[in-house]
Every structure is written in C-alpha cells, then in structure tokens.
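Colleague: Quick one: the structure is below, and I'll ask about it shortly.
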Amino acid sequence: MLSGMLDPLVQIQLQQPNHLKDAWDVAAHMGNVVGLIAAGIWGYFNFVKSRVYYPRMELSVSGDIHIKGAQSFLVARITLRNIGLAKVELLQRGSGYRIYYATGQLRVGGHLAWLGGKPVYRIFEHHGWIEPGESIFDEMQLHLLPANAVAAKIEARLRGPVGTKITVWTCSTVVVPD
C-alpha cells in the first residue's frame, strides 16, 4: 500500500545499493586481514626466529684469593646470564676455564709473565641449557696457588649452538690478594 503512494523514481533509488558504503566495508575487512597477517609474521619472527638466531648471553668471571698461613687459595666464580629471549643450549666440549698465575717476573715490555693455564676446568656441567632471563653460576673448586704467586688470572670460554653455527663467549679477569 505504501509502495503505491511513492513515486517510481524514489522506489528505484531505494532499491539501488550504496556503492561507497560497500567499498568502505570491503576496505575495512581487507585492512583487518592485512593487520592479522602482519601480527602473525611479527609474532613468528619475534618468538620463533629470535629463539634460534639471536641469543644474548652475559658471561662474567670473578674470584677471590684467600690466604691461610703460607698457602694461597683461589676461588673462581663464573656467572652466565641469558639476557635475550632465546633458550640457549650449552656445549661442554670446548667450554671451561683456565687458571694462570703471576710470580712477579716481568716479560719484555714490562708486562707480568703468566704461568700455568693447564688443566682446563669444566663449567656448568649440570646445565644443558639456559632459559631466557635465567642466571647460573659455577663456583665448585678451590685452587691452590704457588707460594710465590702475586696474582691470578681466570679465563673462561663457553660454546653454544646458534642456528647452524657454534658461538663462543669468552671472558677473563685478574684477581689479586686483599
């Protein structure tokens, strides 16, 4: 009954679709799809690829020399902190630390002559990997220094696989008696 009262031109205009609104709806849906795909790619590279290719480790070495009577003992402390977002596997082969000592003798150029360096002591034997944000340390041995030692040097080396390659972290420090 209402349609009979309306002008035929008005009826045609009511039946025609609004192309601008339809185009806007399609663009909005495509924007949502592109946004979801971009978020998925970002998530993949941030959480999956970064766990494989971008390990960030902080290796530090410290120590103390304790004197008991005529004997000097070195306590070496090796600390490893995973500051990245990736879980990092630790390899025992090729990892460890060495102890050197100086007796006060000088080399050409005025530098202390470092002796020792053998054997290589193992580190982090009870850790196969380190999680993101985790910090571990190794302070397992007491080393007897020669009676004429005036300083000790600790050199640490740690290996871990990064993708298809092996990455090596190194650190060293010199410790003198208090």
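For (1) within 28 Å of Asn46 (Cα to Cα); (2) not polar (S, T, N, Q), each residue gets a yes or a no:
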{"position": "Ala86", "(1), (2)": "yes, yes"}
{"position": "Gly96", "(1), (2)": "no, yes"}
{"position": "Gln105", "(1), (2)": "no, no"}
{"position": "Tyr121", "(1), (2)": "no, yes"}
{"position": "Pro146", "(1), (2)": "no, yes"}
{"position": "Ala156", "(1), (2)": "no, yes"}
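To keep it simple, each residue is scored yes or no on (1) surrounded by 11 or more Cβ atoms within 10 Å (Cβ to Cβ); (2) touching a strand residue (DSSP E or B) at 6+ places or on another chain (Cβ under 6 Å); (3) not hydrophobic (A, V, I, L, M, F, W, C).
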site: Gly35; (1), (2), (3): no, no, yes
site: Asp64; (1), (2), (3): yes, yes, yes
site: Ala102; (1), (2), (3): yes, yes, no
site: Val108; (1), (2), (3): no, no, no
site: Leu112; (1), (2), (3): yes, yes, no
site: Gly117; (1), (2), (3): yes, yes, yes
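Colleague: Just checking, how many residues over the stretch 119-149 are surrounded by fewer than 16 Cβ atoms within 10 Å (Cβ to Cβ) and either of a type outside the set (S, T, N, Q) or assigned to a strand (DSSP E or B) (or both)? If you could, list the steps in order and put the result at the bottom.
Modeller: First, pick out the residues of the stretch 119-149 that are surrounded by fewer than 16 Cβ atoms within 10 Å (Cβ to Cβ): 119-120, 122, 125-129, 131-135, 137, 139-142, 144, 146-148.
Narrowing the set further to residues that are either of a type outside the set (S, T, N, Q) or assigned to a strand (DSSP E or B) (or both) leaves 119-120, 122, 125-129, 131-135, 137, 139-140, 142, 144, 146-147.
Counting residues in the stretch 119-149 that are surrounded by fewer than 16 Cβ atoms within 10 Å (Cβ to Cβ) and either of a type outside the set (S, T, N, Q) or assigned to a strand (DSSP E or B) (or both) gives 20.
Colleague: A follow-up question, please. Just give me the residues in the stretch 52-75 being more than 26 Å from Pro132 (Cβ to Cβ) and either touching a Phe, Trp or Tyr at 6+ places or on another chain (Cβ under 8 Å) or of a type outside the set (S, T, N, Q) (or both), in sequence order. Give the derivation first.
Modeller: Narrowing the stretch 52-75 to residues more than 26 Å from Pro132 (Cβ to Cβ): 63-75.
The answer is Gly63, Asp64, Ile65, His66, Ile67, Lys68, Gly69, Ala70, Phe73, Leu74, Val75.
Colleague: In the stretch 158-175, which residues are part of a strand (DSSP E or B) and of a type in the set (Gly, Ala, Ser)? It would help to see each step written out before you state the result.
Modeller: Of the stretch 158-175, the ones part of a strand (DSSP E or B) are 158-162, 165-175.
Within the stretch 158-175, Gly160, Ser172 qualify.
Colleague: Moving on. What pairs can you find where one residue is in the stretch 97-126 and farther than 20 Å from Asn148 by Cα and in the same structural domain as Lys153 (by TED's automatic domain parsing), the other is basic (Lys, Arg) and assigned to a loop (DSSP other than H, G, I, E, B), and their Cβ atoms are less than 9 Å apart, with a gap of 6+ or different chains?
Modeller: Tyr97/Arg122
Colleague: Are there any pairs, at least 6 apart or on different chains, whose C-beta atoms fall under 7 Å, with the first in the stretch 165-178 and within 17 Å of Lys153 (Cβ to Cβ) and in contact (Cβ under 8 Å) with a residue 40 or more places away in the chain and the second of a type in the set (Lys, Arg) and surrounded by 12 or more Cβ atoms within 10 Å (Cβ to Cβ), and if so, which?
Modeller: Thr170/Arg157; Ser172/Lys153
The values are calculated or read from the model by the stated rules, or taken from the named source; none is laboratory data. Computed from a predicted model, the values in this text were never measured in an experiment. FYI the Cβ positions are ideal-geometry reconstructions off the backbone, even for glycines, and counts take in every protein chain you see.
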